[in-house]
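Working notes for the structure below.
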Amino acid sequence: MAFDNLEQLEGKINRLLEKHERVKKEKESIERKLEQKESEWHHLQGQIRRYERERIELREKIDKIIGQLASMDISD
């Protein structure tokens with residue numbers, strides 16, 4: 001009877017160790033995905049900043065062109 005309990009205990013321990021390994025691997029996989037997403041996020045933030053700068057530059061150029069057109073004396 002004690003031997004049966006010992007085998008059951010050993011079986012439970014082995015199942016727990018297997019589950020622990022699966023959870024550990026899953027955690028590592030999730031951490032890698034998180035690192036990848038954080039890297040993508042930083043890249044996208046950089047793109048957004050670049051697009052905002054470009055938008056400001058384009059607006060300034062358009063305003064300059066509009067100002068030049070407005071100052072031209074177009075008489076028929």
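So the values come out like this:
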read-out: The stretch 1-16: number of residues that are surrounded by 10 or more Cβ atoms within 10 Å (Cβ to Cβ) and not acidic (Asp, Glu); value: 9
read-out: Of all residues making up the stretch 33-76, the number that are of a type in the set (Ser, Thr, Tyr) and not in a helix (DSSP H, G or I); value: 1
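Read-outs throughout are calculated quantities, based only on the coordinates presented, and are distinct from any laboratory measurement. These figures come from a predicted structure and were not determined experimentally. Using ideal geometry, Cβ is built from the backbone for each residue, glycine included, and neighbour counts are taken over all protein chains shown.
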